[in-house]
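Engineer: Here it is, the structure in full.
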Amino acid sequence: MSKLFFTFVLSSAVLVAPAFAQQVTYACQYVETAGLGWKNGKWVPGTYVDDPPFFLTAEGNSLTSESLEKIFGSFGYSCNPPLQSLFGESQSCVGSLGTTINFSFTNLTGVRAATFAGIKPSNRSEKGYLLVAPFVCEKVR
């Protein structure tokens, strides 16, 4: 009887486990940030200081909008389902203010692109900047 009960409990655990998404944390840091700034009516290359390292969170191989909002400061991130490509499994997410995050679960590399300034009128004296910031990560847990 106890062997039958143990087998039942074990098989139930195996069947139920996929229903609970496993949370994974990645420790990430920027490689080098590049961009364009608006000066005197045109876009000019600029030098940008890398933001500090950060922790990215995924649940069941999908980035969480909560961790993206906390790290990148925008809100309302919408993430596409993870996609399998030549470079492995990756995912892209877009924030309500145009910040795009692309992350490879296979290579543990990603990029943040801030492009919102590009849609501001050209006659403005200040538009902000366009930014591309690649990053690398390590799986923590």
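The values are calculated or read from the model by the stated rules, or taken from the named source; none is laboratory data. This structure is a prediction, so every number in the text was calculated from the model and none was measured. For neighbour counting, all protein chains shown are included, and Cβ atoms are generated from backbone atoms with ideal geometry for every residue, glycine included.
Yes/no per residue for (1) under 17 Å from Phe55 (Cβ atoms); (2) assigned to a strand (DSSP E or B):
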| residue | (1), (2) |
| --- | --- |
| Gly76 | no, no |
| Pro81 | no, no |
| Gln84 | no, yes |
| Cys93 | yes, yes |
| Ile101 | yes, yes |
| Asn107 | no, no |
| Ala113 | no, yes |
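Engineer: Could you say which residue among Gly110, Gly60, Gly73 is under 13 Å from the mean Cα position of the chain (by Cα) and at positive phi?
Structural biologist: Among Gly110, Gly60, Gly73, only Gly73 is under 13 Å from the mean Cα position of the chain (by Cα) and at positive phi.
Engineer: Criterion first (on the phi < 0 side of the Ramachandran plot, among the hydrophobic types (A, V, I, L, M, F, W, C) and either assigned to a loop (DSSP other than H, G, I, E, B) or under 11 Å from the mean Cα position of the chain (by Cα) (or both)) does Ala133 satisfy it? Walk me through how you get there before you give the answer.
Structural biologist: On the way: on the phi < 0 side of the Ramachandran plot: yes; among the hydrophobic types (A, V, I, L, M, F, W, C): yes; either assigned to a loop (DSSP other than H, G, I, E, B) or under 11 Å from the mean Cα position of the chain (by Cα) (or both): no.
Against the criterion (on the phi < 0 side of the Ramachandran plot, among the hydrophobic types (A, V, I, L, M, F, W, C) and either assigned to a loop (DSSP other than H, G, I, E, B) or under 11 Å from the mean Cα position of the chain (by Cα) (or both)), Ala133 does not qualify.
Engineer: Out of all the residues in the stretch 74-83, which are surrounded by 10 or more Cβ atoms within 10 Å (Cβ to Cβ) and either without any contact (Cβ under 8 Å) to a residue 24 or more places away in the chain or of a type in the set (Asp, Glu) (or both)? Please lay out each step first, then the result.
Structural biologist: Step one: filter the stretch 74-83 for residues surrounded by 10 or more Cβ atoms within 10 Å (Cβ to Cβ), giving 74-80, 82-83.
Listed by number, the residues that qualify are Phe75, Gly76, Ser78, Cys79, Asn80, Pro82, Leu83.
Engineer: Please go through the stretch 48-74 and give me each residue that is more than 15 Å from Val136 (Cα to Cα) and among the polar types (S, T, N, Q), ordered by number.
Structural biologist: Asn61, Ser62, Thr64, Ser65, Ser67, Ser74, listed by residue number.
Engineer: Let me ask something else. Six or more apart or on different chains, Cβ under 9 Å: which pairs go from a residue in the stretch 109-125 that's under 22 Å from Glu138 (Cβ atoms) to one that's among the charged types (D, E, K, R)? Could you list them?
Structural biologist: Arg112/Asp51
Engineer: Tell me yes or no: at least one residue of the stretch 21-31 is within 30 Å of Arg124 (Cβ to Cβ) and at pLDDT 90 or above.
Structural biologist: Quick first cut of the stretch 21-31, residues within 30 Å of Arg124 (Cβ to Cβ) only: 30.
Going one step further and asking which of them are at pLDDT 90 or above, we end up with 30.
There is at least one residue in the stretch 21-31 that is within 30 Å of Arg124 (Cβ to Cβ) and at pLDDT 90 or above.
Engineer: Moving on. Residues in the stretch 38-49: is at least one in a strand (DSSP E or B) and either within 18 Å of Ala27 (Cβ to Cβ) or of a type in the set (Val, Ile, Thr) (or both)?
Structural biologist: Residues of the stretch 38-49 in a strand (DSSP E or B): 38-39, 42-47.
Applying the additional criterion that residues be either within 18 Å of Ala27 (Cβ to Cβ) or of a type in the set (Val, Ile, Thr) (or both) yields 44, 47.
There is at least one residue in the stretch 38-49 that is in a strand (DSSP E or B) and either within 18 Å of Ala27 (Cβ to Cβ) or of a type in the set (Val, Ile, Thr) (or both).
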